[in-house]
There are 2 protein chains.
Amino acid sequence: MKKVTIGVDIGGTNTKLGIVDQEGNVLDKDNILTPAHGDAQKYIEELSAAIKKLIEAVQSNEPIDVLGIGIGAPNGNYYSGTIEYAPNLSFKGVVPFIEMLGRQFTGLTLAMTNDANAAAMGEMVYGGAQGMKNFVMFTLGTGVGSGLVVNGDLVYGHDGFAGECGHTTLVPGGRLCGCGARGHLEAYCSAPGMKRTAFEIMVRDNATDSLLAGISFNEMDSKMIYEAAQKGDRVALEVFEQTGRWLGQGLADTVHHLSPEAIFLFGGPTAAGDLIFKPTIESMEEHLLPVFKKKVKVLPSELSMGDAAIVGASALVWKELEK
Amino acid sequence: MKKVTIGVDIGGTNTKLGIVDQEGNVLDKDNILTPAHGDAQKYIEELSAAIKKLIEAVQSNEPIDVLGIGIGAPNGNYYSGTIEYAPNLSFKGVVPFIEMLGRQFTGLTLAMTNDANAAAMGEMVYGGAQGMKNFVMFTLGTGVGSGLVVNGDLVYGHDGFAGECGHTTLVPGGRLCGCGARGHLEAYCSAPGMKRTAFEIMVRDNATDSLLAGISFNEMDSKMIYEAAQKGDRVALEVFEQTGRWLGQGLADTVHHLSPEAIFLFGGPTAAGDLIFKPTIESMEEHLLPVFKKKVKVLPSELSMGDAAIVGASALVWKELEK
């Protein structure tokens, strides 16, 4: 019987769930709405029903042995299994998520962490970090998340919330970050950060000839910048260059903390390949102590963009079962 | 019979060694010159002779059971037991230190790491971090070192050199750091960094009335700045304020990586107490994500300034014996 685990990714709008085998293949998946009503009990009932339906759907094709459920959620706390004051979710305060979900699935292994940590776990269990004991994952998207692995284990820290490298300070007193502080990496290297950089460059150079000059602040996204860069647009090319320089500075800070074997980059902006990787690596190397230079690999994640969140969450279960 | 371990701290000029009991008391200690001649074999023979003499001296008073030798050394590699390309030592290339010393002390447990990691180990085994599983130590002196503890173990990283938080970037393109890069924390928060800040403030304000205005760039040290601050000197007080603000920014970066229970500060500048702790904590809190605010203790090290290096190195052995 095929052993599988279930991955659940709780986002602000949608909750994705999938059944994943030991090689990281998604056998089947589904979506439900993450509620805006804030009723956690009702949501967990809906989620449980969706999970059970998905299991039945796969089982009608082939026999499977479901070992557990892994959850990736904003502010998901590994130690307590709770979601705590998540700014993008409607639940109030601290939701004892694992305890509540566990009542619906007795006997299964349940585990929870935040989405970036789950992605790092996915990379370790199914992806490019297989066999690595010390590595770091940065996820570039609406925000910048990170998952840190030291001695083969995710770093959760004292309170379960470690690994928020997107909120290290790149530029003292710099851009306002979504968290309320200034100058954080996320305000520069996320997809919205790239948009802000594009406008910064257009302002600086009065770049009325840029392909990006006809797009409003609210319309522009990182994909448009990528498309303009591919057409040789000077502003768009400089956005990638500057984003890479900022990201490289941040990665160097992380190397100085943890000296990882590799850093994996995941998310939309990484699809630009050398456009982003080259300046990132150059800048990281410039900022490093000699003892770390030319030692740390910066690699694209091997997780598939669409399923990474599910796959990462499902990996939590395999890791728990190892213990 | 009293169980003891030996701690050796290899500095650029002096090598300190001491015999330490399980409570962290130094029973006896000695000093030899760290050689300028670069002959590692000869130095290890001298060091071994000094260790043996020290053991005999203590044993003539009370029976002791020597369990091992811990070494703190610049660029000391825990994994390989080697000292690698240490900029402040005369040895060339990679010295297989533990292997060479082990020939003189068969049967003993030997371990090596850098001095800041050793200090963190000392804090964990004998000091304020006893019982803590996740904490960080910053050592402020000629440079800024750090030791990171995650899940009860020192973080050595992929290559054995993790924990160089003094070389994270505080100010992009800022002050030249001793390592050759710009804007690193060490260039702002070390004792020489404080001196640079004092002159920066005098330059900015043309502060001819400062108590520090009569001291040359090469003469001034952080103790003079502290003494001026105690007399209410405005420049000196601002040095502590600014140093704390920079350090707090750096500590926040470390919290965002590791979410430690506490951060311990060690070294000369920490003797200034609130003068440095208050702005450090305020700045750290300002830079933190809400989820980390008011959670992380910033504490003075409980290791005694004079013996911390010996005591920290000796702690390595106790930790090895636990494994």
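Taken together, the values in this text are just the output of simple stated rules run on the coordinates, not laboratory data. Not measured: the values here are computed from a predicted model. Cβ coordinates were reconstructed from backbone atoms using ideal geometry, including for glycine residues, and neighbour counts include every protein chain displayed.
At a glance:
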| item | result |
| --- | --- |
| Paired Rg and Dmax values of region B:107-219, which use every Cα atom, in angstrom | 17.9, 63 |
| Nearest-first distances (nm) between copies at A:Glu23, label 7 Å from Cα via Cβ | 6.3 |
| Amide H contacts of A:Leu170 (H built 1.01 Å from N, under 5 Å, at least 5 apart or other chain) | A:His184, A:Leu185 |
| Other copies of A:Lys323: label-to-label distances in nm, shortest first, labels 7 Å along the beta-carbon direction | 2.2 |
| Average Cα contact separation per residue, region B:183-323, under 8 Å, 6 or more apart, as relative contact order % | 22 percent |
| Compactness of chain B, expressed as Rg and Dmax over alpha-carbon positions, Å | 20.2, 64 |
| Highest-fluctuation residue, A:Ile201, A:Ile19, A:Ile281 considered, GNM on chain A with Cα pairs under 10 Å | A:Ile201 |
| The protein assembly as shown - convex hull of alpha carbons, volume per residue in Å³ | 172 Å³ |
| Under Karplus coefficients 6.51, -1.76 and 1.60, residue-wise ³J(HN,Hα) of region A:288-296 in Hz, glycine/proline x | 8, 4, x, 4, 9, 5, 6, 10, 9 |
| Cα centroid of region A:44-123 to Cα centroid of region B:80-97, whole Å | 49 Å |
| Length-normalised contact order for chain B - Cα pairs under 8 Å, 6+ apart - percent | 20 percent |
| Neighbouring partner chain Cβ atoms per residue of B:126-138, average, 10 Å criterion | 1 |
| Backbone HN-Hα couplings from phi across region B:183-192 [Karplus 6.51/-1.76/1.60, Hz, Gly and Pro as x] | x, 5, 3, 4, 6, 10, 10, 6, 4, x |
| Structure-based [θ]222 nm, the protein assembly as shown - -39500 (n - 2.57) summed over DSSP H runs of at least 4, per residue, nearest 500 | -11500 deg cm²/dmol |
| Debye log10 I(q)/I(0) at q = 0.13 Å⁻¹ for region B:193-323, Cα point scatterers | -0.65 |
| Under Karplus coefficients 6.51, -1.76 and 1.60, residue-wise ³J(HN,Hα) of region A:81-87 in Hz, glycine/proline x | x, 10, 9, 10, 6, 6, x |
| Amide H partners (placed H, <5 Å) of B:Thr109, local residues excluded | B:Gly68, B:Ile69 |
| Calculated FRET value between A:Asp39 and A:Thr106, using beta carbons and R₀ = 25 Å, to 0.05 | 0.65 |
| Label point 7 Å beyond Cα along the C-beta direction, distances from A:Asp65 to other copies (nm, shortest first) | 4.7 |
| Relative contact order (%) - criterion: Cα under 8 Å, at least six apart; region: region A:195-255 | 35 percent |
